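As structure tokens, the structure follows; a few thoughts come after it.
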Amino acid sequence: MRTPISFFLLLSAVLFTLGTLGVLLRRNALVIFMSIELQLNAVNLALVAFSRQWGNLNGQVLAFFSMVVAAAEVVVGLAIIVSLYRKRRSADVDEASLLRW
Amino acid sequence: MVIGADLPAINSAMPIWIVPLFPLTGALVLLLTGRRWRGLLSGWFASFLVGASFVSTIVLLLDFLGGDGEAALVNRLYQWVAAGSFSVDVAFRVDPLALVMALTVSGVATLIHIYSIDYMRGDPRFARFFAYLNLFVFFMLVLVLANNFLLLFVGWEGVGLCSYLLIGFWFERKPAADAAKKAFIVTRIGDSAFLIGIVFIWLRFQSLDFEVVFARAPELAAGTATVLALLLFAGAVGKSAQLPLHTWLPDAMEGPTPVSALIHAATMVTAGVYLVVRAHPIFEASEVALTIVATVGIVTAIYAGLSAIGQDDIKRMLAYSTISQLGFMFFGAGMGAYSAAIFLLVAHAFFKAMLFLGAGSVMHGLRGETDMMRMGGLRRAMPLTFWTWVIGWLAMAGIPPLSGFFAKDQVVASASENGRLWFWIAALVGSLLTAVYMSRATFMTFFGRPRSEQKPHDAPPRMGLALVVLAAAAAFGGILGLSAVNGILPAFLEPVFGAAEEPHGPLTVLALALASSAVAVVGIGIAYLVYGSGRIDWVALRSRFAGAKRASQRGFYVDDVYTGGLVAPAKLGSAFLAYVFDRRVLDGAVNGLGRIIGAFAGRGRAVQTGRVRSYALAVLLGVVGVLSYLVVRF
Amino acid sequence: MNADLVVFWVTAPLSVFAAVAMILSRNAVHAALWLIVNLFTLAVLFLVLGSPFLFVVQIIVYAGAIMVLFLFVIMLLGVDQQASLRETIRGQRWLAVVLGLGLVAEIFFAVRLGLGLSRGALPDFARVNEGGNIRALAEVLFGPYFFPFEVTSILLIVAAIGAMLHGRRRVQDEDVIDMPAAAE
Amino acid sequence: MLGAIDWVFWILLVARVVVVFAALLLSVLLAIWIERKVIADMQTRIGPNRAGPAGVLITLADGIKLFFKEGVIPAAASRPVFVIAPILSLVPAFLAFAVIPFGTGVTLFGHPVPFQLADLDIGILWILAMGSLAVYGVVLAGWSSGSNYPLLGAIRSSAQMISYEVGMSLGLIAVLLYSGGIAMSEVVEVQARHFDVTGLGWLPKWNVFFQLPAFLIYFIAAVAETQRPPFDLPEAETELVAGYHTEYSGIKFAMFYLAEYVHTITVSAVGVTLFLGGWRGPMFDFLPWLWPLVWFLLKLLIVIFVLVWIRATLPRFRYDRLMNFGWKVLIPFGLLWILITAAYVQLPQTYSDLRAALIIVSGTLAVVLLVSPLFVGPPRGVLDEGAAPTTREP
């Protein structure tokens, strides 16, 4: 393999930032949630790249765990969004500001 | 799990933990799935598991008898606590004493489970009742099979918990809920002392294992031994309802009757006796402690006997009689007659469980009536209950050749053998009282004219089964200990207590036996004269001696003294703290602080927009800030 | 020109494009589809980085389960109207973009400081993947990482039960049969 | 590097892809014809009999007809997704076939040509991955049609596919544990052993014998995955018209139809490979590369025949029954079976065979007994079917 690992890391950084921007700019809870998934994936890419760089499998294992945790997180998060939607008839996060003063 | 890994020499065919595992399984399954069970199935399930526990205990017994003469089989499951040098294993121990206790517990519990199936039928929390019963059996087995003080304490507190849950099983009724709380709190006083005792044991011996502690107990200085023994004894006093911590037991009769039979007569309350007997090397290191045990025991026995005579409620009468009998057991233990105490414990488990179940059967037949003033003449309507009751009554009164005679005779005789004449006389007085109050209850309940309009009926067959089996045990249990020196039980227990000595008191065995039978007959005679013969108008007698009657019925006002002397001042003090100190001083300070903080917070809360995205932006700001610091630093 | 470099330069721009398209899609379903495209490109990159196992797990878990759940929820709720992209919080947009650029720049510097932007000689991964990537990964997963692995299984169960309870419609009180039928 | 490219290798590879693709298409044509013929036979009808000998070309004729029909796109549809959806349902079905070995292979021009597109390390996982992608075609088709029936049909189908995919994975995991390998070739290799019981030495140790429960789980889940009867709820036309592809017509509809059959053939082939010994069978010296093909096709034909037979025999499930069966029977059973298989694989390493068997049997009983209270009796708060709702006494 001749591709420098730093390329992957930079791609990961770009994707992570795009995910961050998605969280910050969008108001639909589902799209925000997808952006979080994008961030997680960017991190996974970095982890796998590190694993390749240092020649051991710890990074891959960590990425695997992060996928498992992501699955659990999505299940719970979607359940929350569904019940939020049932209550408020809207998936707009700006409207769900009950905790404001 | 490595089972008994460090004990290769012992070839126990069956691991000991199997025995408590059965009821634990039952309790867990029933607690988790209680509402799904329909009908009586859960009761059968629970009874089956406890029965399995009984059978496996018998297997253990056979293993032990067939073993190579080891004094005890020990299974270490795993290291439970490891904190610095403090290390405790979860380990179970089987020796003759533990086996006798475990057999009694699981055997009586099996019968009472079966009895309860009919007794509790139709209760909306049927399955939960059996879950608690199973849980109780589990903890009780842990208690008797434990190999160290801490595990014993776990079982000890566990049975306390189950006692609380079961006394308050019908918690919708305020008296039941109150009684449950009372039982829990009063026994806790003793338990605290017990726990302190355990800590002392650790400090002194650096171990809590029975082998280590008991092997080194004779080294104890007399003073240390006294303190240690009295701390343990305080726990026993609470659990076994001895003076002055006895007040919870009569109230505990608010629980379902099978619970009274199992927990508050046959098993849990005897745990105190078991503890004293188990820890006898510590007690023996202090003459003072033994004397105190004996004194407390005999005083309690006489006090509770007097109180029992005044009771009209059949269950409270039995409760006081239990206190009294437990007093006898402590008396025996205090006299050094350990196997006699255990013998009385086993016999008492049989006949008192039977009497309670008989009382339950009477209540069952009379739709929950417990007042003996409204019973009478039941022997025709309930022949089975009556005849089994008669066996229990005579056994308890000490009529030969029933089990109670042998057991009590040995306990009473132990005083004579020690040459303590006054103790012996006091014990005879206690026996006399026992015979009197039991006979009184019998005559009031089963003889004379019926004093209620109800149509009583006899117990259904499953309840009858438990009655008959227990009555048979009460009748023939004496075989276990025909002689204090070389009977079956004393011989079996010999490895634990050492060989019994030939009696050397001023009176011969035969004379002692004659004396105690005579006392029993006299007691029954007195009761017959007053309550059974019809020649004395005992109802009129009651009103003539109303003061004495009330004093006896109220347990000589011990409870009222507690209420007035301890509870009321405590309540008053709490009220002052709650309504004056807390409201004015503490609340004032807190409110003032709160107002100050609130004033600051009013400014700060403007930051909280409630919009998730603003918060996320703030997080990003932080991330970028921290990262730029790191990048600049490197 | 190496095969893996070709693959990288094909998938990386596609991946970035898909991510941009995702956050700019006005329709939630389209956003989800773009995210799926992005996930596939990442899966391919995992393959390039020597982890066929993560490649297939990425497809099964992310593409096969997570994104299907997303689509399912979108369809169930019917929140697929065209969303307005107008910003409502003052200053949010440009601050976000500036900070995002800052983040990328910082990571760029960090990578340059740490790894260097192109350094050849990578360790031999064939030895690490001895006997197949799955076997090698299993050795690590069920060796030093065994306890966390077991913990994740508990996490999954708890998440499933939690989601079930959370998403369940409340049963009306009068429909509940609480009292067990009186036994006999 | 460019100059060193081995042209023959690449041409053979491309040829392999093309041949497999064409063979799969051809087998779909035949499979549809077989299905119609067999069902007709079972219902004492004649079935297709016009196009070609015994109507064998009927599918081709149908395909040509559909190809020339007008492809209607509803006005409310989301156009790009509407077009992509049928492709998305076709591609994974084809791709899954790539890892299935259907013969030993031959050597051409000095290059070994295995009868398998790719023997991936991740064989079984690849099949699972492709199976999980199949949902997209359904979901997107239903959503993009912009109409209610397809949407409801898609929700139903995708819920069904997601649910049964779990059961299917459990079945496959059991085989994977039992075989000790993930690559398809390893699984086939394991099944080459024979029974070492006297009198049964001729019988190959196919996974179907010792993994019968896993086979049943896989088979049921596979039928549900492909949405064939009796699990063809999405096509319960009385309720949902034609399910998720109600709005499709012409060549796009043909693609869904094709995908369905490719999927059927693929899961059958997977079943044959994992449970029925794959291409293994008695070999002869004459044309050694041919026999594996023959055996594989024969087994495939038998499985497809069984599928058709089931279709002709069983009535359709009710939807809630289907979900209940999937979640409350198939999955717990699958988990239990994995437990048993794992014990079977692991325990003999430490214990003697007899003790291991004892532990497995008693452990299984214990698990079943402990868990069974959860499955017996009506759970709290759920009414019995048909029972009048009882209200709480005031």
- Item | Along each principal axis, Cα extent of the range D:29-68, largest first, Å | 33, 15, 13
- Message: Am I reading the B/C interface right? What is its buried accessible area, both sides, 1.4 Å probe, to the nearest 100 Å²?
- Response: 1600 Å²
- Query: Which of the chymotrypsin sites (Phe, Trp or Tyr not before Pro) across the range D:283-341 are loop residues per DSSP, with 14 or fewer other Cβ within 10 Å?
  - Reply: D:Phe284, D:Phe286, D:Trp289
- Message: Pairs of alpha-carbon atoms within less than 8 angstrom and 6+ residues apart define the contacts here; what relative contact order does the range D:74-320 have, in percent?
- Response: 25 percent
- Using Cα centres only, tell me the gap between the range B:529-566 and the range C:37-105 in whole Å. 84 Å
- Query: Given N residues in chain C, what is Rg(Cα) / (2.2 N^0.38 Å)?
  - Reply: 1.47
- For chain D, go through all pairs of different Cα atoms, get the mean of 1/r, take its inverse, and jot down that Kirkwood value in Å. 23.4 Å
- Ordered by number, the residues of the range B:609-631 that have at least 40 Å² less accessible area in the complete protein assembly than on their own chain alone (1.4 Å probe) are B:Gly610, B:Arg611, B:Arg613, B:Leu617, B:Leu620, B:Val624, B:Leu627, B:Val631
- Just order D:136-142, B:273-279 by mean Cβ neighbour count inside 10 Å, highest at the front, would you? D:136-142, B:273-279
- Whole-percent carbon and sulfur share, accessible surface of chain B, 1.4 Å: 69 percent
- Radius of gyration and Dmax for the protein assembly as shown's Cα atoms, expressed in Å? 40.7, 130
- Query: In a GNM of chain D with a 10 Å cut-off on Cα contacts, which of D:Ser132, D:Ser185, D:Ser362 has the highest mean-square fluctuation?
  - Reply: D:Ser362
- Take the alpha-carbon positions of the range C:117-169, form their convex hull, and give its projected area averaged over all directions (one quarter of the hull surface) in nm². 6.9 nm²
- Expected integer from the mean partner chain Cβ neighbour count at 10 Å over C:105-115 is 6
- Counting only protein heavy atoms with a 1.4 Å probe and every protein chain in place, the carbon and sulfur fraction of the accessible surface of the range D:74-320 in whole percent equals 72 percent
- Task: Just the number, please: carbon plus sulfur as a percent of the accessible area of the range A:5-88, 1.4 Å probe, no ligands or DNA/RNA counted.
- Result: 74 percent
- Message: Can you give me the angle between helix B:149-167 and the longest principal axis of chain B, using Cα atoms only, in degrees from 0 to 90, rounded to the nearest 10?
- Response: 80 degrees
- Message: Looking at chain C as a GNM with Cα springs under 10 Å, which of C:Val29, C:Val44, C:Val158 has the largest mean-square fluctuation?
- Response: C:Val158
- Rounded tilt (10° steps) of B:461-476 against the dominant C-alpha axis of chain B: 60 degrees
- Consider just the alpha-carbon atoms of chain B and return their Rg together with their Dmax, both in angstrom. 28.2, 110
- Task: Quote the total accessible area buried by chains C and A together, excluding ligands, DNA and RNA, probe 1.4 Å, nearest 100 Å².
- Result: 7000 Å²
- Contact order relative to length for chain C, counting C-alpha pairs under 8 Å separated by 6 or more residues, stands in percent at 16 percent
- So the C/D interface buries, both sides summed and with a 1.4 Å probe, an accessible area in Å² (nearest 100) of 2600 Å²
- Task: Sort out for me the Cα centre separation of the range B:395-458 from the range D:288-346, rounded to whole Å.
- Result: 74 Å
- Task: Express the accessible area of the protein assembly as shown per residue in Å², computed with a 1.4 Å probe while the remaining protein chains stay in the model.
- Result: 45 Å²
- Note on the structure: Quotient of Cα radius of gyration and Kirkwood radius for the range B:324-382, i.e. Rg/Rh, equals 1.19
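The values are calculated or read from the model by the stated rules, or taken from the named source; none is laboratory data. Keep in mind that what you see is a predicted model, and the values were worked out from it rather than measured. In this analysis, Cβ positions are derived from the backbone assuming ideal geometry, glycine residues included, and neighbour counts consider all displayed protein chains. Keep in mind that these areas ignore ligands, DNA and RNA; they rest on the heavy atoms of the full protein, side chains included. Shrake-Rupley method; radii C 1.70, N 1.55, O 1.52, S 1.80 Å.
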